[in-house]
Structures are given as structure tokens and as C-alpha cells.
Amino acid sequence: MEEDPFAELDDPSDFHRDPDYSFFDRDRHICFLEMMYQLLPSPYQEQEINRLTLAYFVVSGLHILRAIDRIDKEVVIDWVLSLQAHPKNAAYLENAGQFYGFHGSRSSQFQSNDNGPSEQEAILNGSHLASTYCALAILKIVGYDLSLVDSEFLLKSMKNLQQSDGCFMPIHTGAEKDLRFVFCAAAICSMLKNWSGIDREKAKEYILSCQSYDGGFGLIPGSESHGGATYCAVASLQLMGFIKEGLPTTNTSCDDVNVPLLLDWSLQRQALDGGFQGRINKPADTCYAFWVGGVLRILGADKFMNEKALREFLLTCQSECGGFSKFPRLLPDLYHSYYGFCAFSLLEESGVNPLCVELGMSGIAAIGL
């Protein structure tokens with residue numbers, strides 16, 4: 001049984017608004033991210049393998065809050081580039097079936113060899129699609145020219161990850177496959193301005209197979225509709241050029257997307273408390289203000305959501321320490337903080353950069369300004 005997120009409240013109906021904390025505290029959020037940039041709290045130690053993803057939340061969050069000057073860009077660039085995997089040679093690339101993207105952290109980049117744990121060697125199979133997306137996003141945000149990235153091996157090897165049904169695995173073997181990694185692949189190709197690493201028609205077919213009877217998208221065909229999966233589906237279709245001006249293009253089979261049902265499902269995810277839920281009969285959660293709100297923005301239907309109620313809900317999740325929590329009056333975390341900032345960008349908060357919704361970053365960074 002899931003824990004009741006409102007158990008700490010004396011009156012669950014009272015959580016809707018805190019009159020003593022009713023504004024978006026940009027300065028405090030910047031301090032929160034600066035603290036995370038300098039030293040991650042100990043609870044994040046178990047997420048060491050995802051350090052690049054955590055860095056993405058910090059760096060991209062600071063850019064959205066117009067405070068990217070708080071970090072040393074050159075140090076960040078050098079660190080991110082050091083995490084890219086490289087093949088021994090071109091022949092090895094063709095025969096090994098490995099993926100040469102970016103590792104999630106230093107610890108996933110090395111493993112002990114036969115000579116004992118004190119000696120380490122670089123391994124070739126630790127790079128990951130999600131880490132690669134985060135790496136390229138960070139580099140783009142701090143102004144690095146992505147044409148300088150060794151993208152030839154990256155994109156050639158990424159083709160090895162696409163499955164016969166059009167979906168992607170995140171690593172070269174033994175991993176799950178779902179819409180999250182289709183989105184990562186589409187975002188990688190979009191940022192590199194090179195679509196040689198993905199068969200777009202196959203990917204599109206897989207995405208369409210994931211739309212459920214109720215209009216939303218599940219992570220895999222036949223699974224329950226989910227806010228995050230629906231974002232991955234819609235954002236991928238837009239990045240690949242199958243959605244323009246809020247609706248599927250008429251010259252592709254993306255007409256098979258049931259847009260009215262998708263809009264209905266998405267709009268129904270706004271709960272009575274003003275927040276968005278990720279699935280039916282679940283409590284509202286900060287991150288879905290972006291995942292579902294972003295879908296509505298891409299489809300040109302965000303004007304139909306109750307922005308005032310959403311803003312009030314989000315403010316109940318804003319921490320006095322800076323950052324956002326998943327539910328009201330809990331401790332903040334990096335994941336929900338980042339998507340809280342993204343949600344306020346969608347709400348056009350003053351002092352916050354606008355988003356490139358389909359890439360999940362500031363629009364200014366996305367176009368390279």
C-alpha cells in the first residue's frame with residue numbers, strides 16, 4: 001500500500017495554499033542549486049552512477065533561472081567530455097556492437113580488471129542513452145559547440161540500440177526498452193543535427209503502438225497511460241518532425257494518433273487541487289506539471305489548463321530551503337525541483353527563461369544563443 005502523501009497534514013483540504021509562502025522564490029532556488037553544484041547531500045551517494053543526470057538538473061536549472069554564471073563553464077565542459085566512451089578503432093566499432101555515448105559517472109566508466117581491484121581500466125559498455133542525452137544537453141547549455149563532439153562513433157553505435165520494433169535499449173545488451181529511450185535517441189539526434197543514428201519511421205511506428213485506449217501513452221505497448229511516457233511520445237514525434245504547429249502533420253501516418261482523445265486524457269490529469277497527476281487515481285505530483293503540461297504546450301492546448309490553480313499547487317510544494325518536493329510539505333529533491341522550475345517556466349514566471357519543451361531545457365540554450 002502506498003504511503004499517504006498528505007498524512008502529515010492536520011486537514012488534507014488545507015494544503016491548497018500557504019498564505020505565508022505565496023510567491024516563486026527565485027533567489028532561494030538559485031541558492032539551492034548552487035549548494036547542489038558544490039556538494040551533493042549524502043542521500044545522493046546511492047545515485048553516484050547517475051551523477052551526470054544530477055548535474056543536468058543543476059546546470060539546466062540554473063540556466064532556466066537565469067543564473068548560469070554561478071558555475072565554472074570550462075570545468076563543467078572538461079568533466080562532461082571526459083565521460084565519453086571511445087572505441088579502440090573503427091573496425092572495433094563495426095564488430096563489437098557497443099554503444100559509444102557518455103557514461104553516467106566516473107564509477108561507471110571504470111571497472112576492476114583481472115589484476116585486482118587496485119588496477120582499473122576503461123570499459124566500453126558503460127555508456128547509456130539517458131546519460132548521453134544529459135551530457136549533450138549540459139554541453140549545449142554552457143555554450144559548447146556540439147560539432148566538436150566525436151559524434152560519428154556515437155551515432156553509428158547508437159543505431160545498434162534500436163530494436164526491430166523501432167524501440168531503443170539504453171545500453172548495448174541486457175536492458176529494458178521503452179519510450180524513454182526513444183525520446184533520448186530523438187533528442188540526441190536533434191541536438192547533434194544528425195538523424196543518421198535512428199530510423200525515424202520505425203521509431204514512429206513504435207510510438208504509435210504505445211497509445212492506449214484512453215488516449216494517453218504507456219511506456220510499452222499495452223501498458224497503462226502515464227504522464228511521463230506521454231511526454232516522451234509527443235516530444236519524440238515533434239523532434240522527429242511528425243508534429244508541427246500543435247497537430248500531427250497531414251502527410252505522415254502520425255494521423256493515426258488520436259489527438260482528441262490524447263487531449264482529453266491530458267486535460268483530465270489536472271486534479272482538483274490544481275496539480276497534475278501522472279496516472280488516473282493518483283495524487284498530484286510536482287513533476288507532472290511539466291510532463292503533462294509540456295504535452296499540452298506542444299499540442300497548443302495549454303490555454304485550457306487552469307494556470308492559477310496549478311501555480312497555487314506548485315507553491316505548496318516549494319520548500320523554504322529552496323527547491324521543490326514531490327508532494328506538499330515534504331523535503332525538496334533535485335528531480336522535482338528541476339521540473340518545478342520547468343513548470344514555472346511554462347507558466348511564464350517573471351525572471352525565468354522560456355523552455356524548449358520538447359528538449360526539456362531553456363529555449364535560449366536549445367537554439368544556441
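Please treat every number below as a calculation from the coordinates, not as lab data. Keep in mind that this is a model prediction, so the values were computed, not measured. Cβ coordinates were reconstructed from backbone atoms using ideal geometry, including for glycine residues, and neighbour counts include every protein chain displayed.
What the table shows:
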| quantity | calculated |
| --- | --- |
| Extension gain from residue 306 to residue 280, taking 0.36 nm per residue of separation minus the Cα-Cα distance | 7.5 nm |
| Cβ-based charge dipole, region 24-366, positive-most Cα from 102, 207, 36 | 207 |
| Label-to-label distance, nm, for residues given as residue 329 and residue 256 (7 Å Cα→Cβ offset) | 4.9 nm |
| Residue order, fewest to most surrounding Cβ atoms within 10 angstrom, among 280, 68, 364 | 280, 364, 68 |
| Gain in span if fully extended, residue 223 to residue 75, counting 0.36 nm per residue against the direct Cα distance | 49.1 nm |
| Residue-count net charge about residue 104 - beta-carbon cut-off 15 Å; Lys, Arg +1, Asp, Glu -1 | +1 |
| Footprinting exposure proxy for 265, 79, 291 (fewest neighbouring C-beta atoms within 10 Å first) | 79, 265, 291 |
| Euclidean distance of C-alpha centroids, region 144-160 and region 261-320, integer Å | 35 Å |
| Chymotrypsin sites (Phe, Trp or Tyr not before Pro) lying in DSSP loop within region 175-215, provided at most 13 other Cβ fall within 10 Å | 213 |
